[in-house]
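Presented below is the structure to which this report refers.
The values are calculated or read from the model by the stated rules, or taken from the named source; none is laboratory data. Since the model is a prediction, treat every value here as computed from it, not as a measurement. Note that each Cβ is placed from the backbone with ideal geometry, even for glycine, and that neighbours are counted across all protein chains shown. Accessible surface areas use protein heavy atoms only, side chains included; no ligands, DNA or RNA. Shrake-Rupley method; radii C 1.70, N 1.55, O 1.52, S 1.80 Å.
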Amino acid sequence: MLTARAGEGRITAVARYSEDRSAPRASTTRRVASTLSEESLSQLATRALTRLHAERHASVLSDEAQACIRVPLATALATALCDDATDIADLMVGDLVEAGLSVEEICLDYLAPAARCLGEWWEGDRLPFTEVTMATARIQAMLRRLPAGRRGTPSAGAKGAVFCAVPGEEHTLGVVMAADLFRRIGWDMGLLIGLEHDEILSRLKRDDRAVIGLSCSGDHSLPALGRLMTSLRRARPDARLIVSGRIAGDARAVASLPEPDAVVTCMADAEIQMRRLDAELRAEPAPRETSYA
């Protein structure tokens, strides 16, 4: 269960999502959710987020306004994700879709920050692992229900990549979300999570996609990342290895690894580097085949 102190902060964030109502007096997330009108939430959020979307693209939204709007929404969404008795979280994401935001914007600007909130609450012992697991599963279900956008069946010769969470990695939502986003923009994507070293290596040996993204969230997984990179350099000399996740922002940690082909810290960097590596691979001459008379 949530502690009263932690719950009060998140209840306030949920209450802000419905400006036409006073803050609820309930002491649990479930009671807060039950006081909110789904219809009023939907109408209010659609109006507000449509305005936010237009102002942001017109470059008139201040940094202060961004902070005031984005953080409470992400916190409110994280709170709603922990409540499996209501569909407030689905409603909020539906409002973002109705407001005209793209799937990428919803993932990177709202779902990802909400997931970080969940992680921080767990690491601060304010949320049990069971609730984090449930909330993460709900985010993954939301990803599957988001509009298809440019999603399509990859054509022959489509850009291909495999994203992989290193062995022992518990924070896998980011790599799941990234794989979904790249699949939506036409990449032929593979995803490996929850696997041990030998199984990852075995699968990647059989996979002909040569761009491989390895996700690592911190020092606890660094040895596993280094071991996997060393093994992949031997088993897949054709592959291009990309290091991603929180570890990518730690220059000291990256310097301790076998040299990667790219290090990325955000989706924009990832797309640029993946396109670069894919172009390099396509430009390489095909190996000559030996013919026999």
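Per-residue answers, yes or no, for (1) over 25 Å from Thr136 (Cα atoms); (2) surrounded by 13 or more Cβ atoms within 10 Å (Cβ to Cβ):
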residue	(1), (2)
Ile185	no, yes
Leu204	yes, yes
Leu214	no, yes
Ala224	no, yes
Gly245	no, yes
Ala253	yes, yes
Pro258	yes, yes
Asp269	no, yes
Arg282	yes, no
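Residues are listed down the side, and each one gets a yes or a no for (1) assigned to a helix (DSSP H, G or I); (2) in contact (Cβ under 8 Å) with a residue 60 or more places away in the chain; (3) surrounded by fewer than 22 Cβ atoms within 10 Å (Cβ to Cβ):
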| site | (1), (2), (3) |
| --- | --- |
| Ala85 | no, no, yes |
| Leu91 | yes, no, yes |
| Gly94 | yes, no, yes |
| Val97 | yes, no, yes |
| Gly100 | no, no, yes |
| Ile106 | yes, no, yes |
| Asp109 | yes, no, yes |
| Ala112 | yes, yes, yes |
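Of all residues in the stretch 187-202, which are open to solvent by 60 Å² or more (accessible area, probe 1.4 Å) and over 21 Å from Leu108 (Cα atoms)?
Of everything in the stretch 187-202, those that are open to solvent by 60 Å² or more (accessible area, probe 1.4 Å) and over 21 Å from Leu108 (Cα atoms) turn out to be Gly194, Glu196, Asp198, Glu199.
Please name all residue pairs, on different chains or six or more residues apart, with Cβ atoms under 7 Å, provided the first residue is in the stretch 160-178 and is touching a residue at least 24 places away in the same chain (Cβ under 8 Å) and among the polar types (S, T, N, Q) and the second residue is part of a strand (DSSP E or B) and buried (at least 22 other Cβ atoms within 10 Å of the Cβ).
Sorted first by the residue in the stretch 160-178, then by its partner, the pairs are Thr172/Ala165.
Being assigned to a loop (DSSP other than H, G, I, E, B), in contact with a helix residue (DSSP H, G or I) (Cβ under 8 Å, 6 or more places away or on another chain) and more than 26 Å from Ile106 (Cα to Cα) is the filter here; which residues of the stretch 251-286 pass it?
Ser256, Leu257, Pro258, Pro260, Asp261
Test of understanding: among Ser244, Ser256, which residue is over 22 Å from Asp180 (Cβ atoms) and either at pLDDT 95 or above or within 19 Å of the chain's Cα centre (by Cα) (or both)?
Working: Ser244 fails: over 22 Å from Asp180 (Cβ atoms).
Result of the check over Ser244, Ser256: Ser256.
Considering only the stretch 212-249, state which residues are touching a helix residue (DSSP H, G or I) at 6+ places or on another chain (Cβ under 7 Å) and polar (S, T, N, Q).
Ser215, Ser217, Ser231, Ser244, listed by residue number.
Could you tell me whether any residue of the stretch 167-184 is at pLDDT 80 or above, over 16 Å from the mean Cα position of the chain (by Cα) and not small (Gly, Ala, Ser)?
Looking for residues that are at pLDDT 80 or above, over 16 Å from the mean Cα position of the chain (by Cα) and not small (Gly, Ala, Ser), one finds at least one in the stretch 167-184, hence yes.
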